[in-house]
Amino acid sequence: MPALTPSDKALVPFVSVDHMMKLIHHIGVEEMMAGIADYIEADFKRWELFDKTPRVASHSEKGVIELMPTSDGDVYGFKYVNGHPSNTKAGLQTVTAFGLLAEVASGYPVLLSEMTLLTALRTAAMSALVARVLAPKNARCMAMIGNGTQSEFQSLAMKRIVGIEEVRLYDIDPAAIRKCAANLKGQGLRVTECTSAEDAMEGAEIITTCTADKQYATILTDNMVGSGVHINAIGGDCPGKTELAPAILHRSAIFVEYPEQTRIEGEIQQLAPDHPVTEFWQVLTGAAKGRTSDSQITLFDSVGFAVEDFSALRYVRDRIAGTDLFHPLDLLADPDDPRDLFGMLQRAKG
């Protein structure tokens, strides 16, 4: 018997890693991050429509596996993501991910996508969106502390969205610094390779920390941070994993995505549960103030939130429409008679 032809509803657009790379090159990496930032901003401005919950995490000695769900009432989305810092020793990625969008009305998926690359893009897009709002005006120099997978994306997003012209690199692994510097060569940024975190922060108006060790750490000490800077702390993203000395937090105006999650996973896990923070969506809508003085230290305690992934998936779904940058994946059993799943199975018998 010939194979049964899947219905249109059974076929879900699947964006593979190859498709994602082609999409990024088709749009341009900086332009794509700027587009994702626009989608994130639009979704954060309608923040109150979304279902919100801290991500569901399964922790082990080796790392963490998480599910990050949300919905705006019309579309549901989730991301599967892991974080395993020791993976690089085995030649594996620290972070891998995939995500899905579905129609709320039917529950049927409408997009399945790789999100290892897409997460790197949306994380950098979110950082740059926040910095555009909170960093000192006309900021032109960023210190990039931690030169792993995220560092090039962060640097290019800050260039495109904020306007930085120089990035100063530091990592405890000199090979990581050389890797990042080589990748950023010819990308329109002045790149300085530094020998210490203190050296990297010289003249920087924006300080980005992005280290991977799953432990309480002090990447920045209090005496290293002067007034008037914006700190983009993205490495602390699970319980027991931090990068900043508590004294820095006490000197800073702290901005977060979703307090219920950040108090568990972010830098502010080091503070009292009622320590005041500002939700970034409120700044975008005008409900709360952002930077209030030139001398103020602003801190984005970023752990990543499901709405950002939802925005990135929405962007991809819109951009692949009318292209061949996806594969129609036969994912769903969709019999002609919805009550006759068994009959569909029997008719497929060879």
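Read-outs: derived from the displayed coordinates by stated rules, not from any lab. The model shown is predicted, which means the values in this text are computed figures rather than measured ones. Quick reminder, even Gly has a Cβ in these numbers, built from the backbone with ideal geometry, and neighbours come from all protein chains shown.
See the values below:
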read-out	value
Fluctuation leader among Asp301, Asp334, Asp309 - the chain, Gaussian network, Cα springs under 10 angstrom	Asp334
Sorted by Cβ neighbour density within 10 Å, fewest at the top, the residues Cys194, Cys180	Cys194, Cys180
Span-like helix ranges in the chain, DSSP H, alpha carbon extent 20 angstrom or more, Kyte mean at least 1.0	116-134
Value of [θ]222 nm, deg cm²/dmol, for the chain, DSSP H segments ≥ 4, -39500 (n - 2.57) each, nearest 500	-9000 deg cm²/dmol
Charge context of Glu48, other residues only, Cβ under 13 angstrom, K/R +1, D/E -1	-1
The range 123-304, relative contact order [Cα under 8 Å, separation at least 6], %	22 percent
Whether the range 1-91 is rounded, prolate or oblate, judged on the alpha carbon gyration tensor where a/c under 1.5 counts as rounded	rounded
Highest-MSF residue in the chain out of Val229, Val256, Val110 [GNM, Cα springs under 10 Å]	Val110
Neighbourhood charge, 15 Å Cβ-Cβ cut-off, centred on Asp222 and excluding it, Lys, Arg +1 and Asp, Glu -1	-2
Inter-centroid distance (Cα atoms) of the range 242-321 relative to the range 136-204, Å	21 Å
Pairs of lysine residues in the range 123-304 - Cα separation under 24 Å, sequence separation of 8 or more or cross-chain	6
Shape category assigned to the range 145-232 from the gyration tensor of Cα positions, a/c cut at 1.5	oblate
Top of Gln261, Gln93, Gln154 by mean-square fluctuation, Gaussian network on the chain, Cα under 10 Å	Gln93
Label assignment, Cα extents along the principal axes in Å derived from the structure, set (i) 62, 42, 34; (ii) 48, 41, 41; (iii) 74, 43, 39	(iii)
Counted charge near Val12, where neighbours are those whose Cβ lies closer than 14 Å (Asp, Glu -1; Lys, Arg +1)	-3
Residues Asp199, Asp337, sorted so that the one with the fewest Cβ neighbours within 10 Å comes first	Asp337, Asp199
Ascending count of other beta-carbon atoms within 10 Å, so fewest first, for His19, His327, His230	His327, His19, His230
Overall form of the range 115-271 per C-alpha gyration tensor (a/c, 1.5; a/b vs b/c)	rounded
Within straight-line cross-link reach of Lys349, lysines at Cα separation under 23 Å, skipping those fewer than 8 residues along the same chain	Lys9
